[in-house]
1. Are any residues in segment B:145-160 more than 8 Å from every other protein chain (Cβ to nearest Cβ) and under 19 Å from the mean Cα position of the chain (by Cα), and if so, which ones?
2. Tell me which residues, restricted to segment B:207-242, are over 17 Å from the mean Cα position of the chain (by Cα), within 10 Å of chain A (Cβ to nearest Cβ), modelled with pLDDT of 85 or more and assigned to a loop (DSSP other than H, G, I, E, B).
3. Among the residues of segment A:144-154, which ones are surrounded by fewer than 19 Cβ atoms within 10 Å (Cβ to Cβ) and either touching a helix residue (DSSP H, G or I) at 6+ places or on another chain (Cβ under 9 Å) or more than 9 Å from chain B (Cβ to nearest Cβ) (or both)?
4. Would you check if there is a residue in segment B:103-111 being touching a residue at least 60 places away in the same chain (Cβ under 8 Å) and outside any loop (DSSP other than H, G, I, E, B)?
5. So for segment B:82-101 (the condition being buried (at least 16 other Cβ atoms within 10 Å of the Cβ), under 13 Å from the mean Cα position of the chain (by Cα) and over 26 Å from residue B:228 (Cβ atoms)), does at least one residue qualify?
6. Consider residue A:136 against the criteria (1) within 14 Å of chain B (Cβ to nearest Cβ); (2) surrounded by fewer than 24 Cβ atoms within 10 Å (Cβ to Cβ); (3) in contact (Cβ under 8 Å) with a residue 24 or more places away in the chain: it satisfies all of them except one. Which criterion is unmet?
7. How many residues, within segment B:81-97, are over 16 Å from residue B:213 (Cα atoms) and touching a strand residue (DSSP E or B) at 6+ places or on another chain (Cβ under 7 Å)?
């Protein structure tokens with residue numbers, strides 16, 4: 001079992017708690033990596049804003065299907081449960097959150113980005129891609145809810161989910177899915193996300209109020225994840 | 001009333017004749033039959049089908065057969081109830097669906113057009129029109145649900161349902177109701193067919209496609225009577241693919 005240190009790193013830049021998903025691979029989300037990210041999120045206490053970024057070519061390419069293939073079936077729900085827990089943690093975080101989509105974000109990786117308050121994305125490279133329709137995988141209600149609430153435009157949602165459009169940052173900005181496209185390399189995207197997070201932190205908002213407003217804006221997503229988070233970082237298998 | 005033909009992997013459903021294609025019991029029945037045949041044939045053929053629906057003449061469909069209903073509320077209620085399962089058939093259809101709007105689509109006809117995944121419309125003439133407010137008929141609940149699912153700009157929804165706006169293709173595109181506009185009926189039909197071929201060529205698994213479509217608007221699906229698949233069933237499907 002890899003140590004969580006090799007799955008993501010944590011640093012503070014000013015008031016911003018920056019989490020970077022590390023590795024030259026495609027940052028697949030399995031219970032171990034998800035637990036590591038949850039721990040990193042939990043370590044944000046005292047910060048004014050949070051950024052999650054990726055290094056290399058990928059933000060995250062989605063769930064670790066290799067892991068699922070080899071894991072006993074009663075643990076499959078664990079991956080879904082741990083992901084819900086991470087989203088619950090992000091939703092109840094008492095500070096603004098910004099996703100720095102530094103590379104490809106597909107399926108659960110795309111959903112993870114959408115679970116933040118704001119999304120900045122690398123302009124020159126990388127796609128936002130809900131790959132499920134092409135992969136022949138049905139979308140569970142919580143994912144669909146996340147896309148429904150964060151991408152309210154019916155046409156954008158249809159093109160994303162039903163046509164599997166691979167959207168560049170410019171396209172995603174045009175459709176209102178992403179807030180800004182950033183020129184340059186990975187580090188430029190991270191800096192832009194941190195700068196945005198710093199601006200949000202500078203507003204000096206009451207963190208608990210931020211969390212409550214967030215839950216009120218996207219209540220259906222919150223209702224589907226709230227029973228999973230707010231507990232120990234270790235995933236609990238659900239049968 | 002209607003015909004179904006298969007051209008390659010695309011099923012073409014045509015509302016035949018020069019009339020208004022008013023949705024009465026007979027036409028609704030024929031349409032349901034045709035749609036079911038398409039689904040059955042697609043299931044046998046494997047992944048990679050699509051449906052195009054088109055009306056001959058000046059109309060896609062001018063709505064329910066209110067002529068037949070006359071002053072009978074019971075009859076009108078029957079037609080409203082009869083259309084609902086056809087809407088459900090389309091929303092649950094295991095293949096991409098394209099409405100080729102070569103003519104007017106009003107009320108129930110507009111609803112049917114909205115029940116397709118994509119709308120391709122002629123730009124030179126023809127309107128989309130939710131006429132109920134002008135006629136003095138309330139919207140059946142499932143009409144409201146489908147409108148809310150497909151027209152997500154609040155102002156566009158208001159203009160369509162509460163102002164009885166007659167929407168031409170170009171405006172429809174701006175409002176997010178129409179996906180592509182072509183200058184004539186012939187081009188509209190041809191491009192709609194080509195587009196459907198491109199969708200079919202993606203070779204999406206029909207059951208998965210329908211499941212993802214339904215997950216986009218569960219309220220509308222419930223409203224037309226579709227029973228939602230549980231997350232548990234979806235996960236079993238996922239596990240079975242590994």
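1. Residues of segment B:145-160 more than 8 Å from every other protein chain (Cβ to nearest Cβ): B:145-148, B:154-160.
Of everything in segment B:145-160, those that are more than 8 Å from every other protein chain (Cβ to nearest Cβ) and under 19 Å from the mean Cα position of the chain (by Cα) turn out to be B:145, B:146, B:147, B:148, B:156, B:157, B:160.
2. B:228, B:229, B:230
3. Let us first name the residues in segment A:144-154 that are surrounded by fewer than 19 Cβ atoms within 10 Å (Cβ to Cβ), namely A:149, A:152-153.
Correct list: A:149 only.
4. Of the residues in segment B:103-111, the ones touching a residue at least 60 places away in the same chain (Cβ under 8 Å) are B:103, B:108-109.
With the extra rule that they be outside any loop (DSSP other than H, G, I, E, B), the set shrinks to B:108-109.
Taking every residue of segment B:103-111 in turn, at least one turns out to be touching a residue at least 60 places away in the same chain (Cβ under 8 Å) and outside any loop (DSSP other than H, G, I, E, B).
5. Restricting attention to segment B:82-101, the residues satisfying the condition of being buried (at least 16 other Cβ atoms within 10 Å of the Cβ) are B:82-84, B:86-101.
Still in the list and also under 13 Å from the mean Cα position of the chain (by Cα): B:83-84, B:86-93, B:95-101.
In the following step, the residues that additionally are over 26 Å from residue B:228 (Cβ atoms) were identified as B:100-101.
Within segment B:82-101 (the criterion being buried (at least 16 other Cβ atoms within 10 Å of the Cβ), under 13 Å from the mean Cα position of the chain (by Cα) and over 26 Å from residue B:228 (Cβ atoms)), the answer is yes, since at least one residue qualifies.
6. Residue A:136 satisfies every listed condition except (3).
7. Total satisfying the criteria: 1.
Per-residue answers, yes or no, for (1) in contact with a strand residue (DSSP E or B) (Cβ under 8 Å, 6 or more places away or on another chain); (2) at pLDDT below 95; (3) in a helix (DSSP H, G or I):
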position: A:156; (1), (2), (3): no, no, yes
position: A:165; (1), (2), (3): yes, no, no
position: A:173; (1), (2), (3): yes, no, yes
position: A:187; (1), (2), (3): no, no, yes
position: A:190; (1), (2), (3): yes, no, yes
position: A:204; (1), (2), (3): no, no, no
position: A:212; (1), (2), (3): no, no, yes
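The values are calculated or read from the model by the stated rules, or taken from the named source; none is laboratory data. From a predicted model like this one, the values you see are computed outputs, not experimental measurements. Note: ideal-geometry Cβ built from the backbone for every residue, glycine included; neighbour counts use all protein chains shown.
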